[in-house]
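Working notes for the structure below.
The values are calculated or read from the model by the stated rules, or taken from the named source; none is laboratory data. What you see is a predicted model, and the numbers here were worked out from it, not measured in a lab. Virtual Cβ from ideal backbone geometry, glycine too; neighbours counted across all protein chains shown. Just so you know, the surface numbers come from the protein's heavy atoms only, side chains and all, with ligands and any DNA or RNA stripped out. Shrake-Rupley method; radii C 1.70, N 1.55, O 1.52, S 1.80 Å.
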Amino acid sequence: QITSNYYKYTSAKMATREDDKEVPFKKINSNDSCELPKEARCTLTMQEFAKEQNELCSSVPEDFAMRLKKEFLNEKEVKKAPDYEKLISSSINCVCWAGPNEFSSQFAYVDDSGSVTVRDLKKGMQIYEKGVSNSILITCAFEQTHSQLLACGGLDTRIFVFTLNRKEDEDGLNKVHELSKHVGLVTACSFLDENFLISASNDSTLILWDINKDGISVRQLLDHEAEALCVDTCSENSNLLVSGSGDKTVRYWDVRMKKACVKAFEDNKYPVTSAKFMPGRYLLQNV
């Protein structure tokens, strides 16, 4: 959850926009149909999605909540921990799940201390924890195909990409890239696939990164007129993105197109803080 309190920490410097004249978008209502690819079809019904979630939750050890309570809330136990100050002062800012694969019970989160943590829901235990930055981390995301990549970013404008080594005798989180081109804090990130990552920032830009070529930025998307607050990728087509902004718009993107912004939904009364593709569909939902 991104709050406006973060913005007071950032520089007033904003990204320079291109001078090209932009094509105006037709203002549409939420009830209007959106011209999405013809091949769009539902591959996962809501009933199937709910069934998957219920099966996962039913596999959680009964004492998992109690273990977490003992680890984080039992005052006597917590005070013995070497990182006691961190445990009582760090707020968790983002939680992300691994993809629908053998690691689907694992999730990661980032906090105010600048650390990223990975836990396993079925095992009810922490797997990895790593200090990443000296400043607040705001967002994190798993690569969804094999869940071997994890990205996070935040207040210091950088994005960190890690590989996950799940062998017990080796370091679990290995940093492979430190991406730096945004001039404002990083508000969100999402993997298109194992090769590309998209990030959003309150400098109003989205940046597409090639993480197989030394983490170079291959494209900047500059259509938003205020801070970009969220971004999500389509599980059915990795070329499609959706983003929300403080300019009260939701923008639908196809990174293959020269003019990447395909649609702009402009009928929102307030800044858009979250926008998501529905699982297995091309449909959008936003708040």
For segment 172-238 the mean separation of alpha carbon contacts under 8 Å (6+ apart) over residue count, i.e. relative contact order in percent, is 30
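Over segment 109-240, what percent of the accessible surface lies on carbon and sulfur atoms, probe 1.4 Å?
40
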Under 5 Å between amide hydrogens, which residues at least 5 positions from Thr187 or on another chain qualify, with H placed 1.01 Å from N in the peptide plane?
Ala200, Ser201, Asn202
Which semi-axis lengths, in whole Å and largest first, follow from the square roots of five times the eigenvalues of the Cα gyration tensor of segment 194-287?
21, 16, 11
Of the listed peptides 202-210, 214-222, 230-238, 90-98, what is their order by residue-averaged count of other C-beta atoms within 10 Å, with the highest listed first?
202-210, 230-238, 90-98, 214-222
Flagged as over-length at 27 Å C-alpha distance, from Lys175/Lys248; Lys213/Lys263; Lys122/Lys213; Lys175/Lys263; Lys130/Lys181; Lys122/Lys181, the pairs are Lys175/Lys248; Lys213/Lys263; Lys122/Lys213; Lys175/Lys263; Lys122/Lys181
Along segment 133-147, Karplus-curve 3J(HN,Hα) (6.51, -1.76, 1.60; θ = phi - 60°) to the nearest Hz, with x for Gly and Pro, reads 9, 8, 10, 5, 9, 10, 9, 8, 7, 8, 5, 8, 6, 10, 6
Which GluC sites (Glu not before Pro) does segment 111-195 hold that lie in a coil by DSSP with at most 16 other beta carbons within 10 Å?
Glu168, Glu170, Glu194
Take segment 101-231, compute every pairwise Cα distance, and split them into 10 Å bins from 0; I just need the percent in each bin.
13, 45, 33, 8, 1
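May I ask you to order 146-153, 184-191, 158-165 by the average number of other C-beta atoms within 10 Å around their residues, highest value first?
184-191, 146-153, 158-165
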To the nearest 20 debye, what is the magnitude of the charge dipole of segment 111-256 about its Cα centre, counting +1 on the Cβ of each Lys and Arg and -1 on the Cβ of each Asp and Glu?
100
Which order do the peptides 251-258, 102-109 come out in when sorted by mean C-beta neighbours inside 10 angstrom, highest first?
102-109, 251-258
For Cys230, what residues show an amide H to amide H distance below 5 Å, using hydrogens built from the backbone and excluding near sequence neighbours?
Gly244
Evaluate the relative contact order of segment 193-287 (contact order divided by residue number), counting alpha-carbon pairs under 8 angstrom at least 6 apart; express in whole percent.
21
